[in-house]
Amino acid sequence: MNDSSWGAPQTGYWGPSDHGPGRGAAPAGPAYDAHYAQQTRPMPIVPDVPEHGGDQEVDRGAARLSGPLFRDEPTRARPLPGEVPQNPEPMPHAPQPAPAPQKKSAGRDLGAAIGVGVALGAVIVASLFVVKAVFVGVVAVAVVVGLWELTKRLEERKGIKAPLAPLALGGAAMVVAGYARGAEGAWVAMALTALAVLAWRMTAPPEGYLKDVTAGLFAAFYVPFLATFVALMLTADDGAWRVLTFLVLTVVSDTGAYAVGWRFGRHKLAPRISPGKTREGLMGAVAFAMAAGALCMQFLIDGGSWWQGLLLGLAVAASATLGDLGESMIKRDLGIKDMGTLLPGHGGIMDRLDSLLPTAPVVWLLLVIFVGSG
């Protein structure tokens, strides 16, 4: 507040001005003083404020009073027309509409995935119960395609050149030898395949030899050797039903994990390996696989019992989950989502074998323990 609000001119309050009469200067003389003596009130004593250069500075530096009616608070200047205010007053937040709930997505083309899955299932079941040798051929073809996908991705993403020719030939031989000669035939075929990988890689320059043959031996064990246990199951008298039980339990475990995890999944199982998998999904896999195992052991396997099926289902859920996580670890290291694009809605052959391969030896061993190798 400046002094004019008190109802009196500033009679020499700021002293004379070098620029003549103006703001801050009043006419001098006895007549002037006598005339205004009775109309003025005593001004409060305030400290002198140094001049800074003219009347404009005087007005700008006018003293402010304090007290109950006068607060030492800055006044908010109103912006001129067209001027953007420096410190605009906060506007009340208007209520925002709630975001529409997003539907969960499966991440794949479910129609294509179901269609391809049904077609593959029909081929497998038909070959399994019509001619066992045809089913062995189907397994051998799947092994060769899986090896091609794995070695191709290794070369593309890591520059690792695992020799495909000896792997494909030796992998198919492992499956056939396991069916024809049992476990001994499978082990012999595995050893010969390893020697072939070592020798084949010697035809190339030595740079990268160690990593190439190491990847080749890993591929030989991971794909064809584990698949050989499916052929070993098939050699039993009820071999077709054993293989069917193995396939059903693995598929049911994956389906239970997907269904329960998609609907109720909240807690991540292994977020750094596979962010989509949840603990709730694992519980769903265990429940579904144990129920299916009890039914399969009771009604499909000769001499089997429902309680054995519960244990079998639990083991399948664990091995299938570990196999899925293992494949996810490989794909994360390679920086890819799928191993291939051969199967619409599924990815590649290896993307379907990830749960089956490590589960095959587990089912084979438990069935031998429960009901024998017969």
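What to note about this one:
- Flag for residue 265 being on the phi < 0 side of the Ramachandran plot and in contact with a Phe, Trp or Tyr (Cβ under 6 Å, 6 or more places away or on another chain): no
- Filter pass, residue 177 being among the aliphatic types (A, V, I, L, M) and not in a helix (DSSP H, G or I): no
- Residue, nearest to residue 330 (Cα to Cα), within region 259-271, restricted to residues that are within 15 Å of the chain's Cα centre (by Cα) and in contact (Cβ under 8 Å) with a residue 12 or more places away in the chain: 270
- Exclusive hit being under 18 Å from residue 158 (Cβ atoms), in a helix (DSSP H, G or I), touching a helix residue (DSSP H, G or I) at 6+ places or on another chain (Cβ under 9 Å) and touching a residue at least 12 places away in the same chain (Cβ under 8 Å), set 215, 189: 215
- Enumeration of residues in region 233-245 that are among the aliphatic types (A, V, I, L, M) and crowded, with 24+ Cβ neighbours inside 10 Å: 233, 243
- The single condition among (1) more than 22 Å from residue 370 (Cα to Cα); (2) touching a Phe, Trp or Tyr at 6+ places or on another chain (Cβ under 6 Å); (3) without any contact (Cβ under 8 Å) to a residue 24 or more places away in the chain that residue 256 does not meet is (3).
- Checking 320, 285, 289 one by one, the residue that is within 26 Å of the chain's Cα centre (by Cα) and within 19 Å of residue 241 (Cβ to Cβ) is 289 and no other.
- Applying the criterion of being hydroxyl-bearing (Ser, Thr, Tyr) and touching a residue at least 12 places away in the same chain (Cβ under 8 Å) to the residues of region 306-348, the residue that is farthest from residue 286 (Cα to Cα) is 328.
- Of the residues screened, residue 243 is not one that is in the same structural domain as residue 173 (by TED's automatic domain parsing), assigned to a helix (DSSP H, G or I), touching a helix residue (DSSP H, G or I) at 6+ places or on another chain (Cβ under 7 Å) and in contact (Cβ under 8 Å) with a residue 40 or more places away in the chain.
- Any hit, region 262-282, residues being modelled with pLDDT of 95 or more, closer than 15 Å to residue 320 by Cα and out of contact with any strand residue (DSSP E or B) (no Cβ under 9 Å at 6 or more places or on another chain): no
- Of the residues making up region 199-212, those that are surrounded by fewer than 15 Cβ atoms within 10 Å (Cβ to Cβ) and part of a helix (DSSP H, G or I) are 199, 209, 210.
- Qualifying residue in region 327-342 (condition: at pLDDT below 95, over 22 Å from the mean Cα position of the chain (by Cα) and at positive phi): no
- Among (1) surrounded by 17 or more Cβ atoms within 10 Å (Cβ to Cβ); (2) part of a helix (DSSP H, G or I), the one test that residue 298 misses: (1)
- Scanning region 316-355 for residues that are in a loop (DSSP other than H, G, I, E, B) and out of contact with any Gly (no Cβ under 7 Å at 6 or more places or on another chain) yields 335, 336, 337, 344, 345, 346.
The values are calculated or read from the model by the stated rules, or taken from the named source; none is laboratory data. As the structure is a prediction and not an experimental result, all values here were calculated from the model. Cβ coordinates were reconstructed from backbone atoms using ideal geometry, including for glycine residues, and neighbour counts include every protein chain displayed.
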